[in-house]
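The values are calculated or read from the model by the stated rules, or taken from the named source; none is laboratory data. It should be emphasised that the depicted structure is a prediction, and the values quoted were computed from it without experimental measurement. All Cβ positions, even for glycine, are placed from backbone atoms using ideal geometry, and neighbour counts span all protein chains on display. What goes into the accessible areas is simple: the full protein's heavy atoms, side chains included, and nothing from ligands, DNA or RNA. Shrake-Rupley method; radii C 1.70, N 1.55, O 1.52, S 1.80 Å.
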Amino acid sequence: MSGFASWLGGQGGYLNPKLKPFIEVDDNGDRGVVAEEDIEEGQQLMLIPTSCCLHMPTQQEYSLSQAGYSAAVKHLKEKHPSISPFLATVLLLLYEMRQGSKSKFSAFLETLPQEHDCVLCWSKGQLSELLGTAIEIAGDSTRTVFEREVSPIMQQATHIWPAEAQTYEAFELHAGLVQSRAFHMLQENWITGSAQEGVELYMLPAIDMINHSSQPDKRNTLLRKSNAELTVKVDGEPMTIQGFFTMKAERDIAKGEQLLHTYGDLSNAQLLQTYGFVEDFEPGYDNPHNFVPVPTVLLLQSCSEAGDEAALACFEGKKNLLQQANILKDAFVVTSQEPLPDDLVTAVQVLHMEPHEFSELEKVEATDGTGEASTSRPASAEPQPAFLLGAGFMNDTSDAQAVCTTLLRLVEKLLGQYPTALKDDAAALHRDRPMPHRWKMAVKVRMGEKEILQSMKQAVVMLMMAQQEDEENSDEDEDDDADDDDEIGDDTGAEETLARIMGMKSARDTSQQQNSERKKHQKR
């Protein structure tokens, strides 16, 4: 710790002496930064000069001055200028690690862990636990990328990356370190000040030890980047640093409290895939940024399997109209806050339209609903749905049943992609014997998504019930509906769910009729 603090201070950086970094904060061996004394709001926590960060310079930075850059940076900039920022950073880390104590980053490199839980390093068996989730495990394997893109670069420059750095095992370890610890920052245009030109990766000493929280009330600091010059004193002498990262206390931080900030509004799946962890929450709370992608191909399959003649009529024409209206894309997004999004419901409604209804919709959309021919949007405009229908437009009970049947079938297909059922995951997570860490994280990801799909299923049930019910239903009936919903689990099929709904409706109708007859009898 003292060597790291001395190195950072010698470069013009700052680490608040009230902080204790590199300390284990949980039973999994994860490390973090903890306050050893009370820290008041506004106090400087860390200041890290850009020169202390492992970073592949932009072409602008490199063209201004090539002095001070390593042989690895120069080789990649001159021989492989189109290499991705991620692979470039991995190669830089491999180079600096092989420099040992000669590396100007040696004090920082000594703080890096020797293992990690990044998904890119999981075995096939471990990855199978993530089937059906939002984690992208398709595409080229890590080994394929290494053999095709990385190994040839190193083999052509053995004076920079010697033989011991050219193994797949070394690449996998360092790729995981970059994946789990590098910060993604928007690249800035030095002239306009805009931040829309791509992503830069920075490995930030000390700051990379501060953990993430999805709960805003638990966060106590925030990462900021500045390109400004700053003059600081090092050993009593002024030093000017060009660009830095800084973190201050955003509120009072109590002694013993862990420093927490945000890596972004990321779901459990995104946190695991990018950083190799899933948060632990108190009972009753889950990541509010969880979501389930609903592939359009599954939606189309669910509609075509409905056996509804209306759904099969003009099918290609309906798909084309939905695509032109920016409703039908690669996938829809379902969240706990919006378990039944309007664009998803609209797509199913259009696909189930009778030919004459669809013909009318085509006419309306051809004129933008104004009676005049529609004009194309400017290329720079953000694509927005041209129209949305939603649950409020399902006035016909038979139409509602067809739409709801398709939505329930869709939920079935999505749940069927996971290797386990929700109740099995819940039981596994709460059993007494210890669970392997990676398996436990996979279960948490699956459960978060399945709970959203269960909310989606309940929303469909409520929609169907609303279409079946009389407007004069009492508040008492609504309470009964909530009890009825609890009976419909994640393993209940679409047809069985609808049968239960109709059974509930029939039972309520019978009960209401009996109550009515009883009241008539009492009046007599």
When HIS261 is run through (1) on the phi < 0 side of the Ramachandran plot; (2) modelled with pLDDT under 95, the failure sits at (2)
Scanning segment 203-220 residue by residue, those open to solvent by 10 Å² or more (accessible area, probe 1.4 Å) and either under 22 Å from MET185 (Cβ atoms) or in contact with a helix residue (DSSP H, G or I) (Cβ under 7 Å, 6 or more places away or on another chain) (or both) turn out to be ASP208, ASN211, HIS212, PRO216, ARG219
Going through LYS440, LYS363 one at a time, which residue ends up being assigned to a helix (DSSP H, G or I), modelled with pLDDT of 90 or more and on the phi < 0 side of the Ramachandran plot?
LYS440
Of the conditions (1) at pLDDT 90 or above; (2) open to solvent by 10 Å² or more (accessible area, probe 1.4 Å); (3) out of contact with any helix residue (DSSP H, G or I) (no Cβ under 7 Å at 6 or more places or on another chain), PRO339 satisfies every one except a single condition; which number is it?
(3)
Within segment 297-308, is even one residue in contact (Cβ under 8 Å) with a residue 24 or more places away in the chain, buried (at least 17 other Cβ atoms within 10 Å of the Cβ) and of a type in the set (D, E, K, R)?
yes
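Listed here are the residues, each with its yes/no results for (1) among the aromatic types (Phe, Trp, Tyr); (2) closer than 30 Å to VAL292 by Cβ; (3) at pLDDT 95 or above; (4) open to solvent by less than 30 Å² (accessible area, probe 1.4 Å).
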| site | (1), (2), (3), (4) |
| --- | --- |
| GLN114 | no, no, no, no |
| ASP117 | no, yes, no, no |
| GLU129 | no, yes, no, no |
| GLY139 | no, yes, no, no |
| SER151 | no, no, yes, yes |
| ALA157 | no, no, yes, yes |
| GLU169 | no, no, no, no |
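Conditions (1) in contact with a Leu (Cβ under 9 Å, 6 or more places away or on another chain); (2) at pLDDT 90 or above, marked per residue:
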position	(1), (2)
GLU279	yes, yes
PHE291	no, yes
THR296	yes, yes
LEU299	yes, yes
GLY307	no, no
ALA311	yes, no
ASN326	no, yes
Helices (runs of 4 or more DSSP H) fully within segment 1-80 counting 3 or more residues that are over 23 Å from LEU260 (Cα atoms) and open to solvent by 60 Å² or more (accessible area, probe 1.4 Å)
59-64, 71-79
Is it fair to say THR240 is modelled with pLDDT of 90 or more, open to solvent by 50 Å² or more (accessible area, probe 1.4 Å), in contact with a Leu (Cβ under 9 Å, 6 or more places away or on another chain) and in a strand (DSSP E or B)?
yes
Give me the pairs: first residue in segment 333-354 and within 18 Å of PHE315 (Cβ to Cβ) and in contact (Cβ under 8 Å) with a residue 12 or more places away in the chain, second residue aromatic (Phe, Trp, Tyr) and open to solvent by 30 Å² or more (accessible area, probe 1.4 Å), beta-carbon distance under 8 Å, and six or more apart or on different chains, which are they?
GLN349/PHE393; LEU351/PHE315
